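Sharing a structure, written as structure tokens. Questions coming.
The values are calculated or read from the model by the stated rules, or taken from the named source; none is laboratory data. Predicted model only: the values in this text are computed from it and were never measured. Note that each Cβ is placed from the backbone with ideal geometry, even for glycine, and that neighbours are counted across all protein chains shown.
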Amino acid sequence: NRTVALIVAAGSGSRMGGGIPKQYRKVAGVPVIARAVDALASHPAIDAVHVVIGAGQEAQLSEALGERVATSSSGGATRRESVRAGLEAIGDAGRVLIHDAARPFLPPAVIDRLLAALEDKAGAIPTLSMVDTLVRADGGVLGDNVPREGLARVQTPQAFRFDTILAAHRDWSGDAEPTDDAQVARAAGHTVLAVPGDIMLEKLTHEADFAAAEARLGAIMT
Ligand code: C5P
């Protein structure tokens, strides 16, 4: 029952407005991708880490990882294509945790919860409940409110039986591009469980997220 972590890091980070891709930026001295690798590789249930990178990023990855051990392969034009390519490159495993490189702060307890939930289901993902009021706001003018009860915000890593998610990706034929792998698993008819996520797992998306992450780290360490 080999458990592999698959980190997708082939995005261009277009919402960050250029510069070096966010997965190679440092937060408090350590590259984002290195933090993600450390969090997964140090968990006792995880046997290997594979990173999906953009074309020509081999040198950038190896510089960011230093002594850390991870295999790598090339991604695609969308997150979905990058995950599919990574799963094909891994080839065989019992379980896989698919994780965004842009979520470098991954508490081990989240991995524990995911793997426990995977015992009797094909997939499990971390989620957070909605705390804010939700409203449609196309074009900046408010439309209808959306009841927040029963809604959740989706994080990664997402845990799946390896054969199940590989087959689901091979069979994917949806119209809208999926932004996570639970959508791909559900489209193939599988039940996916939600387990409690963690506020630390927020995705670094905008420039301000980096300063906020450094401030949080500082607060934890002092
Ligand atoms: O763009 P977004 O923040 O949704 O990307 C989520 C994760 O998917 C990031 O870690 C990014 O590097 C990865 N990704 C990828 N290949 C793409 C697009 C995104 O590996 N083509």
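I'd like to check something: does the range 149-162 contain any residue that is at pLDDT 95 or above, small (Gly, Ala, Ser), more than 16 Å from the ligand (Cβ to nearest atom) and on the phi > 0 side of the Ramachandran plot?
no
For the range 69-90, which positions are surrounded by fewer than 19 Cβ atoms within 10 Å (Cβ to Cβ), assigned to a loop (DSSP other than H, G, I, E, B) and in contact with a helix residue (DSSP H, G or I) (Cβ under 9 Å, 6 or more places away or on another chain)?
VAL69, GLY76
Do we have THR179 as within 19 Å of the chain's Cα centre (by Cα), among the polar types (S, T, N, Q), surrounded by 13 or more Cβ atoms within 10 Å (Cβ to Cβ) and modelled with pLDDT of 95 or more here? First the steps, then the outcome.
Values: within 19 Å of the chain's Cα centre (by Cα): yes; among the polar types (S, T, N, Q): yes; surrounded by 13 or more Cβ atoms within 10 Å (Cβ to Cβ): no; modelled with pLDDT of 95 or more: yes.
Against the criterion (within 19 Å of the chain's Cα centre (by Cα), among the polar types (S, T, N, Q), surrounded by 13 or more Cβ atoms within 10 Å (Cβ to Cβ) and modelled with pLDDT of 95 or more), THR179 does not qualify.
This table checks each residue for (1) surrounded by fewer than 18 Cβ atoms within 10 Å (Cβ to Cβ); (2) over 21 Å from THR156 (Cα atoms).
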{"position": "SER12", "(1), (2)": "yes, no"}
{"position": "GLN23", "(1), (2)": "no, no"}
{"position": "VAL30", "(1), (2)": "yes, no"}
{"position": "ALA36", "(1), (2)": "no, no"}
{"position": "ASP47", "(1), (2)": "yes, no"}
{"position": "GLY66", "(1), (2)": "yes, yes"}
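Take GLY66 and decide whether it is more than 27 Å from ASP163 (Cβ to Cβ), more than 9 Å from the ligand (Cβ to nearest atom), more than 15 Å from the chain's Cα centre (by Cα) and free of Cβ contacts under 8 Å to residues at least 24 places away in the same chain. Before you say what the answer is, go through the steps one by one.
Numbers: more than 27 Å from ASP163 (Cβ to Cβ): yes; more than 9 Å from the ligand (Cβ to nearest atom): yes; more than 15 Å from the chain's Cα centre (by Cα): yes; free of Cβ contacts under 8 Å to residues at least 24 places away in the same chain: no.
Against the criterion (more than 27 Å from ASP163 (Cβ to Cβ), more than 9 Å from the ligand (Cβ to nearest atom), more than 15 Å from the chain's Cα centre (by Cα) and free of Cβ contacts under 8 Å to residues at least 24 places away in the same chain), GLY66 does not qualify.
Let me ask something additional. Look at the range 89-111 and say how many of its residues are away from the ligand (no atom under 14 Å from the Cβ) and touching a residue at least 60 places away in the same chain (Cβ under 8 Å).
Of all residues in the range 89-111, those away from the ligand (no atom under 14 Å from the Cβ) come to 90-96, 107-111.
Retained after the next criterion (residues that are touching a residue at least 60 places away in the same chain (Cβ under 8 Å)): 90, 92-96, 107-111.
So the answer is 11.
Right, next: Just give me the residues in the range 120-136 being outside any loop (DSSP other than H, G, I, E, B) and either of a type in the set (Ser, Thr, Tyr) or surrounded by 16 or more Cβ atoms within 10 Å (Cβ to Cβ) (or both), in sequence order.
Of all residues in the range 120-136, those outside any loop (DSSP other than H, G, I, E, B) come to 123-129, 134-135.
If the condition is that a residue be outside any loop (DSSP other than H, G, I, E, B) and either of a type in the set (Ser, Thr, Tyr) or surrounded by 16 or more Cβ atoms within 10 Å (Cβ to Cβ) (or both), then GLY123, ALA124, ILE125, PRO126, THR127, LEU128, SER129 are the ones that fit.
Identify all residues within the range 94-119 that are buried (at least 22 other Cβ atoms within 10 Å of the Cβ), of a type in the set (A, V, I, L, M, F, W, C) and within 19 Å of ALA213 (Cβ to Cβ); write none if there are none.
Passing the criteria: ALA101, ALA102, LEU106, VAL110.
Looking at (1) within 14 Å of the ligand (Cβ to nearest atom); (2) touching a residue at least 24 places away in the same chain (Cβ under 8 Å); (3) surrounded by fewer than 13 Cβ atoms within 10 Å (Cβ to Cβ), which is the one condition that is false for SER42?
(1)
Can you tell me which residue in the range 50-62 is nearest to ALA36 (Cα to Cα), limited to those that are exposed (fewer than 11 other Cβ atoms within 10 Å of the Cβ) and away from the ligand (no atom under 12 Å from the Cβ)? Write out each step before concluding.
To start, the set of residues in the range 50-62 that are exposed (fewer than 11 other Cβ atoms within 10 Å of the Cβ) comprises 55-56, 59.
Next cut, away from the ligand (no atom under 12 Å from the Cβ) only: 56, 59.
Working: GLY56: 20, ALA59: 18 Å.
Across the range 50-62, the extreme among qualifying residues is ALA59.
Are any of the residues in the range 132-140 touching a residue at least 24 places away in the same chain (Cβ under 8 Å), basic (Lys, Arg) and on the phi < 0 side of the Ramachandran plot?
Here is the first cut: in the range 132-140, the residues touching a residue at least 24 places away in the same chain (Cβ under 8 Å) are none.
Checked against the condition, which is being touching a residue at least 24 places away in the same chain (Cβ under 8 Å), basic (Lys, Arg) and on the phi < 0 side of the Ramachandran plot, the range 132-140 yields no hits at all.
If you scan the range 40-54, which residues turn out to be outside any strand (DSSP E or B) and under 20 Å from PHE162 (Cα atoms)? Quick ask: steps written out before the conclusion?
Taking the range 40-54 and keeping what is outside any strand (DSSP E or B), we get 40-47, 54.
Residues satisfying the conditions are LEU40, ALA41, HIS43, PRO44, ALA45, ILE46, ASP47.
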